[in-house]
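Notes to accompany the following structure.
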Amino acid sequence: MGDGIFLLIPILFPMIAGLVILAIGHRIARQIYVGTVLVLNTITVFLISFLTEVSSFTLWKFSGSLSVMFRFDGTGKLFACLISTIWTVACIYAFEYMKHEGKEKRYFAFAVMSLGVLMGLSMAGNLMTLYMFYEFMTLITVPLVIHSQGRDALKAGLKYLGYSVLGAGLTLIGFFFLNFYGTGTAFSEGGVLDLAKIAGNENALLAIFLVMMIGFGCKAGLMPLQAWLPTAHPVAPAPASAVLSGIITKAGILGMIRVTFYVFNPDFLRGTWAQLTIVILALATVFVGSMLAYKEQLLKKRLAYSTVSQVSYVIFGIMILSPQGLSGALLQVIFHAISKNALFLSVGAIIYKTGHIYVKDLKGIGKKMPIVMWCFTIASLSLIGIPPTGGFVAKWDLALGALSPDYGGVLGYIGPAVLLVSALLTAGYLLPIIRDAFYPGKDFDYETLEKTEANAYMTAPLILLCIAVAGLGMFPMGLQQVISGITGAVM
Amino acid sequence: MGNNYLIIALVFFPFAAGIGSYIIGRFHQLARDVFLYFALALELTGACCLFATVGTVDSFVWEGFASLGLHFKLDGFHISMSILASFIWLMTTLVSKEYFKGARGTNKYFMFILFTLGAMQGVFLSNDLYTAFIFFEVMSFASYPMVIQNETEEAIDGSNSYLGFAVFGSLVSLMGLFMLQSILGTLQIDQLIEAASHVTNYALLYVASALTLVGFGVKAGMFPLHTWLPQAHSVAPAPASAMLSAVITKAGIFGIIVVSCNIFLHDAQWGLAIVIFGTLSMVTGAILAVFSNNIKRTFACSSVSQLGFVIIAIGMQCILGEHNALAVRGTVLHMFNHSLLKLALFMGAGVIYVCMHTFDLNKLRGFGRKKSVLWFVFGMGLLGLAGVPLFNGYISKTLIHESIVEYIGMMPEQTAFAGLMQTVEALFTFSGGLTLAYMLKIFVAIFIEKNPDNQAKLDAKKTYMSKLTMGVMIVSGVILPIIGTLPYWTQDLLADTAQGFMHGHAPASPVNYFSLINLRGAAASIAIGIIVYFLFIRVCLMKKNENGIKIYADVWPSWLSIERMIYRPVLLRLLPFASALAARTIYVAGDTAVRLFRKLLFFKSKDVFTPPTNHRFGTYDAPVQPKRIINKSLAYSLLLFGVGVVAVMLYLMIINAS
């Protein structure tokens, strides 16, 4: 059983509280209620993370190796803290934003319930629990994608569902095999492979690994299953796009980390063709995503392509299979989550206030909405990786991990080079927006200019995210300490 | 070892002051100006006070900042650069008030110049390439608003170049730094020599350092990365151009020095490469300047050329090895002399612009007649930049020239290498001549020739600058001859202070700047300059217009620019097109597969009826007796069956083969 029954609190509390939202009709009351629930949940997650050691809890045992089991270790804690914080920030932003989308009750109910599912995902202690919450997550976030109920949204929702189920199905294949080849399916540092059974079947296992990674890669936007992402993210309401891009993609990453370090073993994978394949896929995705973002004119879609590219930085970092590479990957998880949320939320604020969705319409927007565009700027700088923001710190670790002699090889040089080409493209698709926003040109009409700054519900979350991305970039010591605990445990 | 908090205060105070000035400026313009003057004066005082703290506590380490931490250290060079930056910022800000009268967005501008100053201090005081890089990036971005300030079409175009090159350069540099960190294990400047001596794979070290050099080379206007500089510097407001030319370019030089004088201390091969790039910049810049008819563009091209001289000196340090005293001192002194000269000249250009709203040489003809202060400042700038004896540029150019001559003298026989160095020496003298020629072009046009249209109107402008501006102009003009005539008490002192950073020593015997042989070198340059001016500029570059008046013609073909011919078409059109095509092809593979599968699954034979209410699903319509037994859908089924059989066969073959 384990002694961690308290682990159920952050999972069940939002789920039940989310259902209650459906019964609250009054807007202000609902906002207070949602805010309280989310803040309380975040505090709970942080308290559990910092006050307890690794705790585990088995909820239900079907038979032999099948059980619903929770285990809250370093990786889980990092993800749970990140997810619950960003979720809270995005939902507070949504208080104002969703006024113009309508159907607020439904949106908040599903948003809060999704948080519970995500907490379950972070705390999942074995493959079966992970798979279960992974599928829950897909299903419960579909309403967020199709919120507007337009034809495009419905089509995108179906695409999202199709790809996600396919991806999850691929991971399920792996689950069946690992049940046989492993000593169990409960996650543990150093993996659960039964080396005696594997002997002679290494290639089969590597193939399984590849299939599982591609399956989880679907959520993370890894090629070849990336196509749903730029379709589904832009059609959702801005706060939903923000968490879809910033957080839900990271659920795929969590799955990948679990498979690589807690089910398989980095030593087993190092130097194999499976590692090589995924590194190549990740680098190709990094480049392709950036390139398409550079060419895209619809701003939200541009950001979605950018997510495709940026999340694959993380996958590259994981597959370096060295402590520094993993540290870079986890830092990238955090800083991408923060900065991409900030970007989507600022774009949301622009849409909310002006209705502009194309890049070319944003000339002079910095004069109308200075705070929002300043936040956009800081988040962009982090996404490009300009010091002293967080993106730079992450990129430094990723590149040095790749260049270290343990990884070595030509890919050790190609990897960082691709990351930098992608950074150049990132600069190419973000900086012109900022330039036009603040410097619309000499003949810009200042007479008819009116300030349309978003209100505090929207700007406060943005400012908070920007302070986080710049502050944590300058003072990453605490974060690095936490992360070195994780990397030290698995390698 | 404790920490010297004055360093960190110098770096971060401008950031705080920038925000302060923005807030104050929202309420009161005059209060903001006063605040700015005080803040900059305080910064300058602080920088000077650094000298007092040297020897006691001369470093500052902030562990963990942005992961690897910030490392600062004091020595003569760092402090001198820091004082130079603060000084130039103060001087240019004093004239900014008049320059920006009535302009929009000055509040933002002043905030960003203070940010830039903070970042400059961070670069110049850093003891670590990592720290330098962080502040270098901050500087690149913070100085962008300075370039785009005017928001005209040219300003936006120039600032695009500026930012494009800056981002490109810094990312290439970052790759170099990744590699250096992984090869050397440290980026701390005072540990680089030691770390580099243990390196076995030298080829990799060259690659890494060359990549690192790109970002710094961009800022220093090193050929072929110089193309942004004339554009950006000529479109920025004049006080900003002064800062850009005088100080920000020196951040690039700083980086080149760090790499060349530490990792490749006394490495002749590296030095040769640097000398070649320096020579190319020197010549290109000078030629572009001769052709230019826009005074600010001329000064900007001149910056490329003068920085080329400095880069040659850095290369000569490496080539000369232990006996590089002359090159070391030449590097330091030419950096400083160039800064002071460009400060005076760009501020002069600014004063002209405030009156005339143009930098076009033809329109400015005769503007300077009977304007003695302007005449004095431009005259000092001309003489100093051209390296005329008794003026400041002469001293540093002589040092660099002597270092090349000394090396040629040391070589025993005629080799290809000796021939190369002789070419460099000849080009050096030639570029010195061009310097005089393009400065004469401007000086003669503004101060000697008469304006064919409205000379009387120009002469009538008696008060063309405020008292404050005049004071600043006089100060920046007077410094030049003073340090030029008294090199032993001024320039030598500076060189002694700063040379330690480049691991240089004082020369065995003091350099006799005014000896016959040195004067002869200068005389050769001056002669070339006069010949070029009278036989080329006045003959080939001046054409008669329809009224029969000789004007300065724009002879340089507009298409002849590396940026317009190669960089922009390739980097903005060709590469993105090819890569986007490739990317999109790869990208749609998944979607195409899905579409194909759907076509297979929902293949519609003729009888399938799709209800209009639900286009996703098809049902069979009311049963219709098929007239033909074999129809299209049977053929299709057979086809699929065939594919299946082939797949099974292939599988069996593979199984049997293995």
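Applying the Karplus relation 6.51 cos²θ - 1.76 cosθ + 1.60 with θ = phi - 60° to segment A:200-210 yields 3J(HN,Hα) values of x, 10, 4, 5, 4, 5, 5, 5, 4, 4, 4 Hz, where x marks Gly and Pro.
Shape call for segment B:1-136 from the C-alpha gyration tensor, a ≥ b ≥ c root eigenvalues: rounded (a/c under 1.5), prolate (a/b greater than b/c) or oblate? Provide the component values of the computation, followed by the final result.
Numbers: a/c = 2.40, a/b = 1.85, b/c = 1.30.
Cα axes put segment B:1-136 in the prolate bin.
Between B:Ile654, B:Ile257, B:Asn107, the Cα set farthest toward the positive side of the dipole of the protein assembly as shown (charges on each charged residue's Cβ, about the Cα centre) is that of B:Asn107. Per residue of A:286-296, other chain Cβ atoms within 10 Å of the residue Cβ number 4 on average. Toward the positive end of the charge dipole of segment A:123-237, with +1 on the Cβ of Lys and Arg and -1 on the Cβ of Asp and Glu, the farthest Cα among A:Gly215, A:Met123, A:Val145 is that of A:Val145. Residues in segment A:385-394 carry Karplus couplings, in order, of x, 8, x, x, 7, x, x, 5, 4, 4 Hz; the curve used is 6.51 cos²θ - 1.76 cosθ + 1.60 with θ = phi - 60°, and Gly or Pro positions show x. For segment B:367-494, just say rounded, prolate or oblate: build the C-alpha gyration tensor, square-root its eigenvalues into a ≥ b ≥ c, call rounded for a/c under 1.5, and beyond that prolate if a/b exceeds b/c, oblate if not. Verdict is oblate for segment B:367-494. When the Cα positions of A:Leu424, A:Thr52, A:Ser327 are compared along the charge dipole of chain A, A:Leu424 comes out farthest toward the positive end, with charges on each C-beta of Lys, Arg, Asp and Glu.
Rolling a 1.4 Å probe over the protein heavy atoms leaves B:Cys540 with an accessible area of roughly 60 Å².
Of A:Lys155/A:Lys301; B:Lys363/B:Lys544; A:Lys159/A:Lys219; B:Lys461/B:Lys543, which pairs sit farther than 21 Å apart, going by alpha carbon to alpha carbon? As for pairs spanning more than 21 Å Cα to Cα, those are B:Lys461/B:Lys543.
Of the chymotrypsin sites (Phe, Trp or Tyr not before Pro) found in segment A:369-467, those that fall in a DSSP loop while having at most 11 other beta-carbon atoms within 10 Å are A:Tyr446.
Based on the alpha-carbon gyration tensor of segment B:282-390 and its eigenvalue square roots a ≥ b ≥ c, which shape applies: rounded if a/c is under 1.5, prolate if not and a/b is larger than b/c, or oblate? Prolate, since a/c reaches 1.5 and a/b exceeds b/c. For chain A, a simple Cβ point-charge model (Lys and Arg +1, Asp and Glu -1, everything else neutral) yields a dipole of about 1020 debye relative to the Cα centre.
Amide hydrogen proximity for A:Ala124: with H placed 1.01 Å from N in the peptide plane, the residues at 5 or more positions away or on another chain lying under 5 Å are A:Arg71.
Cross-linked pairs A:Lys368/B:Lys296; A:Lys442/B:Lys450; B:Lys97/B:Lys219: Cα-Cα separations exceed 29 Å for A:Lys368/B:Lys296; A:Lys442/B:Lys450. Given +1 at the Cβ of Lys and Arg, -1 at the Cβ of Asp and Glu and no other charges, the dipole of the protein assembly as shown around its Cα centre is 3980 debye to the nearest 20. Evaluate E = 1/(1 + (r/R0)^6) for A:Ala207 and B:Lys457, where r is the Cβ-Cβ distance and R0 equals 60 Å; express this FRET efficiency to the nearest 0.05. Calculated transfer efficiency: 0.10.
What you get for chain B, charging only the Cβ of Lys and Arg (+1) and of Asp and Glu (-1), is a dipole of about 2960 debye around the Cα centre.
Taking H placed 1.01 Å from N in the peptide plane, check which residues at least 5 places from A:Leu66 or on another chain put their amide H under 5 Å from its amide H. It is none; the list stays empty.
Considering only the other residues whose Cβ falls under 15 Å of the Cβ of A:Leu292, what net charge follows from Lys and Arg at +1 and Asp and Glu at -1?
Values: positive: A:Lys295, A:Lys300, A:Lys301, A:Arg302, B:Arg584; negative: A:Glu296, B:Asp591.
Here the charged neighbours net out to +3.
Sites listed here are chymotrypsin sites (Phe, Trp or Tyr not before Pro) in segment B:444-513 whose DSSP assignment is loop and whose Cβ has at most 15 other Cβ atoms within 10 Å: B:Tyr488, B:Trp489.
Taking Cβ atoms as reference points and 13 Å as the exclusive limit, the residues near B:Pro576 contribute a net charge of +3, counting Lys and Arg as +1 and Asp and Glu as -1. Rolling a 1.4 Å probe over the protein heavy atoms leaves A:Arg30 with an accessible area of roughly 20 Å². Plainly put, segment A:72-193 has a radius of gyration that is 1.05 times its Kirkwood radius, both from alpha-carbon atoms, as the Rg/Rh ratio.
Using a 1.4 Å probe on the protein heavy atoms, what percent of the accessible area of segment B:72-129 belongs to carbon and sulfur? If you can, show how the numbers build up before the last one.
Values: 710 of 1180 Å².
Carbon and sulfur together cover 60 percent of it.
Give, ordered by residue number, each residue of segment A:371-393 whose 1.4 Å probe accessible area is reduced by a minimum of 40 Å² on adding the remaining protein chains to the chain alone. At a threshold of 40 Å² (probe 1.4 Å), the residues of segment A:371-393 that become less exposed are A:Trp374, A:Ile386, A:Pro387, A:Pro388, A:Phe392. Accessible surface area normalised per residue over the protein assembly as shown is 37 Å², counting heavy atoms of protein chains with a 1.4 Å rolling probe. Within segment B:119-146, the residues that become at least 50 Å² less accessible when every protein chain is included than when their own chain is isolated (1.4 Å probe; DNA, RNA and ligands ignored) are B:Tyr130, B:Phe141. In the frame of its principal axes, the protein assembly as shown has Cα extents of 106, 69, 66 Å, reported largest first. Per residue of the protein assembly as shown, the DSSP helices (runs of n ≥ 4 H) give a summed -39500 (n - 2.57) that works out to -23500 deg cm²/dmol at 222 nm.
For segment A:430-446, heavy-atom accessible area (probe 1.4 Å) falls by no less than 50 Å² from the chain alone to the full protein assembly at A:Leu431, A:Arg435, A:Tyr439, A:Lys442, A:Tyr446. The longest part of chain A holding none of the exposed loop GluC sites (Glu not before Pro), meaning those outside H, G, I, E and B in DSSP with at most 13 other Cβ atoms within 10 Å, is A:54-446.
So what does log10 I(q)/I(0) come out to for segment B:474-549 at q = 0.11, 0.22 Å⁻¹, using the Debye formula with one equal point on every Cα and no solvent? Result of the Debye calculation: -0.56, -1.07. Per-residue Karplus couplings for segment A:70-84, computed as 6.51 cos²θ - 1.76 cosθ + 1.60 with θ equal to phi - 60°, are listed in order as 10, 8, 9, 9, x, 4, x, 4, 4, 5, 5, 5, 4, 4, 5 Hz, Gly and Pro entered as x.
Using a 1.4 angstrom probe on protein heavy atoms only, the contact between B and A buries about 4500 square angstrom of accessible area, both sides summed.
Looking at segment B:331-434, the GluC sites (Glu not before Pro) that sit in a DSSP loop and have at most 16 other Cβ atoms within 10 Å of their own Cβ are B:Glu413.
The values are calculated or read from the model by the stated rules, or taken from the named source; none is laboratory data. All values reported here derive from a predicted model rather than from experimental measurement. Reconstructed Cβ throughout: ideal geometry from the backbone, glycine too, with neighbour counts over all protein chains shown. Each accessible area value is taken on the protein alone, full model and side chains, heavy atoms only, with ligands, DNA and RNA left out. Shrake-Rupley method; radii C 1.70, N 1.55, O 1.52, S 1.80 Å.
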